[in-house]
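**Q** Let me give you the structure first, and then I'll get to my questions.
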Amino acid sequence: MWGGPRRYPSASTVRISPEDVEDAADWLEELLEHGPMYNLEIKQRAKAAGIHYAALQDAQQALRVKAFNVNDENTLARHKVWFWALPHQYEE
C-alpha cells in the first residue's frame, strides 16, 4: 500500500447522514467556542465522542472553521503545529 494504512476510511466508503454532520457541527462549535484548539486534540476528542472523521471534516467546512499553522520552536522548522478556529476567532 503506497503511503501506508489509512487511519480513517475515506468519506466515499462511509455513509454520513446530514444529521451526523449537524451533530458534529454542533459539537465542534461548542468545543471551539473558547478559542482555537490544536487539531490533533480535536480529532482525538471527536473519535472518543463517536464522531466519524468524515462528519468532522464536513462540519469543519460547514462552519467555515479556519485551519492555521504555527512553527513549533522546539522542533524542526518544517514541522508545523496546526490549529482550528471559528471564523470570528482568526485574523489574518
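The values are calculated or read from the model by the stated rules, or taken from the named source; none is laboratory data. Here the structure is a predicted model, which means the values were calculated and not measured. Cβ placement follows ideal geometry from the backbone for every residue including glycine, while neighbour counts extend to all protein chains displayed.
**Q** Take the residues of segment 72-88 that are more than 22 Å from residue 44 (Cβ to Cβ) and modelled with pLDDT under 80: which is nearest to the chain's Cα centre (by Cα)? Explain how you work it out, then say what you get.
**A** Narrowing segment 72-88 to residues more than 22 Å from residue 44 (Cβ to Cβ): 73, 76-78, 87-88.
From the residues that got through so far, the ones that are modelled with pLDDT under 80 too are 73, 76-78.
Values: 73: 23, 76: 23, 77: 23, 78: 21 Å.
So, considering only residues that are more than 22 Å from residue 44 (Cβ to Cβ) and modelled with pLDDT under 80, the one nearest to the chain's Cα centre (by Cα) is 78.
**Q** Just checking, does segment 9-20 include any residue being in a helix (DSSP H, G or I), at pLDDT below 95 and either surrounded by 14 or more Cβ atoms within 10 Å (Cβ to Cβ) or touching a Ser or Thr at 6+ places or on another chain (Cβ under 9 Å) (or both)?
**A** yes
**Q** Would you pick out the residues in segment 45-71 that are in a helix (DSSP H, G or I) and either in contact (Cβ under 8 Å) with a residue 12 or more places away in the chain or of a type in the set (Asp, Glu) (or both)?
**A** Residues satisfying the conditions are 45, 46, 53, 54, 55, 56, 57, 58, 59, 60, 62.
**Q** So for segment 51-64 (the condition being surrounded by fewer than 12 Cβ atoms within 10 Å (Cβ to Cβ) and modelled with pLDDT of 95 or more), does at least one residue qualify?
**A** Yes, segment 51-64 contains at least one residue that is surrounded by fewer than 12 Cβ atoms within 10 Å (Cβ to Cβ) and modelled with pLDDT of 95 or more.
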